[in-house]
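The values are calculated or read from the model by the stated rules, or taken from the named source; none is laboratory data. Nothing here was measured: the structure is a model prediction, and the numbers come from that model. Cβ placement follows ideal geometry from the backbone for every residue including glycine, while neighbour counts extend to all protein chains displayed.
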Ligand code: G3I
């Protein structure tokens, strides 16, 4: 009798507690476990920006890319400087290999990007020609690339970052030589080259700057009324943990959806050290990053499902994030650490 009482009084509660703790740890392990792909937890595609050199040379990078994500955006390979380095000389070897490899792994590819003010080859920058000459040069660029991947790339960022913070059009060489119609022309040419492809306008800051967002929404709504084939908007979502106005982000997503554009969160990363200070990574910031991602996903999931084109992260490991090289600062904006160990943000994503 005394033994039984001891069993119920002391041993069983301990056993129960131990089971609970193991259960919790198991849950945590399941969420962070790489065995189950991240994309399998999501009703919409989960994409990643892919660096071609790392894809070829870093086996762990390649493994995570093809097992965790189900869509890829070429981080640089399809930008004009890489794909058409000389006039009419297209660098298909690498782009073909990139596409074939990812397709063989059942990944979708989102083309990035046809028209931008950066990463253009010198010949394009110095191109001599009147307006008609510029137009046929741009048309050829778009026709060649979109046409070649007609059956394998079914969505494109046609124009990237054409607006300024104040909502005006950026003074780039396309605007200078073709005029503001370069945007609608680019969309029409991309559509002619592949009528099946979903076509996007992609920009940064739209999630937090209502002036820019409204200008973009207005501009593309007007184009659509004129019959220009534009399917969606890409909100890049380069954000940081110190931006806490999640209502504003939610509102931005709702506004885009209210105008019936497909919505792509197209280049997501969440900086922990936006001001580039001396910085020591800590658990609180990692948790804030995970919580912020959770809230962004929740807001995204609250828009109409048929407008949820997907969420794309701008890289795999912190080590290779553009933020470190571009701003020359220590930062940890992505889902995996330097050793490809999943971070809390990755584990949290699996709870959505
Ligand atoms: O290819 C050259 C190589 O030949 C040279 O040796 C090396 C030396 O630095 O540079 C290489 O080019 C770099 C290129 O990435 C490819 O690695 C450029 O310096 C570097 O500036 C370039 O950065 C890219 C950046 O766009 C250019 O603005 C980033 O990787 C890429 O993540 C970033 O992506 C953009 C999106 O396309 C649009 N939205 C913003 C986003 C972040 O800037």
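For the stretch 193-215, state whether one or more residues are within 22 Å of residue 99 (Cα to Cα), away from the ligand (no atom under 16 Å from the Cβ) and in a helix (DSSP H, G or I). Yes: one or more hits.
Every condition in (1) within 18 Å of residue 236 (Cα to Cα); (2) crowded, with 16+ Cβ neighbours inside 10 Å; (3) without any contact (Cβ under 8 Å) to a residue 60 or more places away in the chain is met by residue 273 except one, and the failing one is (1).
A Cβ distance below 9 Å, combined with a sequence gap of six or more or placement on separate chains, defines the contacts here; from the stretch 299-324, residues that are under 14 Å from residue 270 (Cβ atoms) and in contact (Cβ under 8 Å) with a residue 12 or more places away in the chain reach residues that are within 10 Å of the ligand (Cβ to nearest atom) and part of a helix (DSSP H, G or I) in the pairs 314/322; 314/323; 315/322; 315/323. Do we have any residue at all in the stretch 76-86 that's away from the ligand (no atom under 14 Å from the Cβ) and without any contact (Cβ under 8 Å) to a residue 40 or more places away in the chain? Yes, the stretch 76-86 contains at least one residue that is away from the ligand (no atom under 14 Å from the Cβ) and without any contact (Cβ under 8 Å) to a residue 40 or more places away in the chain. Looking across the stretch 230-259, the residues that are over 29 Å from residue 323 (Cα atoms) and surrounded by fewer than 18 Cβ atoms within 10 Å (Cβ to Cβ) come down to 258, 259.
In the stretch 64-71, the count of residues that are in a helix (DSSP H, G or I), at pLDDT 95 or above and within 14 Å of the ligand (Cβ to nearest atom) is zero. For residues that are near the ligand (Cβ under 10 Å from one of its atoms) and in contact with a helix residue (DSSP H, G or I) (Cβ under 9 Å, 6 or more places away or on another chain), scanning just the stretch 309-325, find the one that is nearest to residue 200 (Cα to Cα). Taking the candidates together, the pick is 314.
Can you tell me which of 136, 104, 42 is over 22 Å from the mean Cα position of the chain (by Cα) and more than 16 Å from the ligand (Cβ to nearest atom)?
Numbers: 104 fails: over 22 Å from the mean Cα position of the chain (by Cα); 42 fails: over 22 Å from the mean Cα position of the chain (by Cα).
Only one candidate passes the filter, namely 136.
Hey, can you tell me all the residues within the stretch 232-269 that are on the phi > 0 side of the Ramachandran plot and either within 16 Å of the ligand (Cβ to nearest atom) or part of a helix (DSSP H, G or I) (or both)?
Of the stretch 232-269, the ones on the phi > 0 side of the Ramachandran plot are 237, 260.
Across the stretch 232-269, the qualifying residue is only 237.
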